[in-house]
Amino acid sequence: MGDLDLAGRAAVVTGVGGRRGIGFAVARALSAAGASLVISAAGDRVYERAAELPAGTVAIAGDLTQDRTAVELARAATSRFGRLDIAVNCAGMTSTTRPEPESGSARELSFEKWQASLSRNLDAAFLFARAVLPALEESGTGRLVMVSSLTGPVMAMRGEVAYCAAKAGVTGLVRGLALDSAAAGVTVNAVAPGWIATDSQTPDEHKQGLRTPVGRSGTPEEVAGLIAYLCSPSSSYLTGQCLVVDGGNSIAEERA
């Protein structure tokens, strides 16, 4: 099997809603390498994305903060393809079905919005991992990748205490999962994107991207390339890590 040859493997990818999103870029990358796919998003856009992927792609719309959605995704893969080898969670951050902002300092943020942010970004990651791990362990060479963020594990932004806490929690979750699953041949890693030019990028985020050392925001495909590697046989000795994809933004100390 070549470095990125995923023929005969089955993958679940969440957060595959936006055409210019990381989730869809990951789905395309894994499909191009030969993997069979189950894709998911919170809304019906997932069916549009499935139509742009190879025939046989399974699409499921559902809320990953609900345990039944994650269980359905894992069952769909094992039922349709007889196995599950790769699971990538790109869901979180924003949602077309729950667009209400969950930003604010600790003094401003209500407890309900704090809980909503943790539910979307951390609880959903746990539920997804719990649902897919049995099949990944049965595979013997399972790969679990969580899309985290530069915000939280590495840096922080004003007025985003809930999001920072949730994404930092994803990194801790990944490390714990990696230890528990290593003996079964499963690797578990996180990817922490910086400013990425997705469908949901705001004008201010675009401007911030121009101030990175490379002078631009990243592309979903650049994040997906790293994730595809983490899903490949070549990454078998890499686990429990949080890999930053930010154009050098987090190492630039001088910003004046």
Handout entry: Failed item, numbered, when Cys164 is tested on (1) assigned to a helix (DSSP H, G or I); (2) touching a residue at least 40 places away in the same chain (Cβ under 8 Å)
Key = (2)
Fill in the blank from the handout: Taking first residues from region 235-252 that are in contact (Cβ under 8 Å) with a residue 40 or more places away in the chain and assigned to a loop (DSSP other than H, G, I, E, B) and second residues anywhere that are open to solvent by less than 30 Å² (accessible area, probe 1.4 Å) and among the hydrophobic types (A, V, I, L, M, F, W, C), the pairs with Cβ under 6 Å that are 6 or more apart or on different chains are Thr239/Ala178; Thr239/Val188; Gly240/Ala178; Asp246/Leu150
Practice task
Keeping to region 13-37, report how many residues are in a helix (DSSP H, G or I) and either open to solvent by less than 10 Å² (accessible area, probe 1.4 Å) or more than 19 Å from Phe81 (Cα to Cα) (or both).
Solution key: 7
Problem - Any chance Glu205 is touching a Phe, Trp or Tyr at 6+ places or on another chain (Cβ under 7 Å), open to solvent by 10 Å² or more (accessible area, probe 1.4 Å) and either part of a helix (DSSP H, G or I) or at pLDDT 95 or above (or both) - result: yes
Practice task
Out of Leu150, Leu109, Leu127, report the one residue that is in contact (Cβ under 8 Å) with a residue 60 or more places away in the chain, more than 22 Å from Val71 (Cβ to Cβ) and among the hydrophobic types (A, V, I, L, M, F, W, C).
Solution key: Leu150
Handout entry: Subset of region 158-195 that is in contact with an Asp or Glu (Cβ under 8 Å, 6 or more places away or on another chain), hydrophobic (A, V, I, L, M, F, W, C) and open to solvent by less than 20 Å² (accessible area, probe 1.4 Å) - its residue that is farthest from Cys231 (Cα to Cα)
Key = Ala162
Problem - Matching option when the condition is part of a helix (DSSP H, G or I), modelled with pLDDT of 90 or more, within 30 Å of Leu6 (Cα to Cα) and small (Gly, Ala, Ser), among Ala116, Ala124, Ala91 - result: Ala124
Practice task
Check whether at least one residue in region 167-183 is within 15 Å of the chain's Cα centre (by Cα) and over 28 Å from Ser236 (Cα atoms), and report yes or no.
Solution key: no
Handout entry: Selection status of Thr212, in contact with a Pro (Cβ under 9 Å, 6 or more places away or on another chain), among the β-branched types (Val, Ile, Thr) and either assigned to a loop (DSSP other than H, G, I, E, B) or at pLDDT 95 or above (or both)
Key = no
Practice task
Please identify the pairs in which a residue from region 38-59 that is open to solvent by 20 Å² or more (accessible area, probe 1.4 Å) has its Cβ atom under 6 Å from the Cβ atom of a residue that is charged (D, E, K, R) and part of a loop (DSSP other than H, G, I, E, B), counting only partners at least 6 apart or on another chain.
Solution key: Ala42/Asp63
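The values are calculated or read from the model by the stated rules, or taken from the named source; none is laboratory data. This is a predicted model, so every value here is computed, not measured. Virtual Cβ from ideal backbone geometry, glycine too; neighbours counted across all protein chains shown. What goes into the accessible areas is simple: the full protein's heavy atoms, side chains included, and nothing from ligands, DNA or RNA. Shrake-Rupley method; radii C 1.70, N 1.55, O 1.52, S 1.80 Å.
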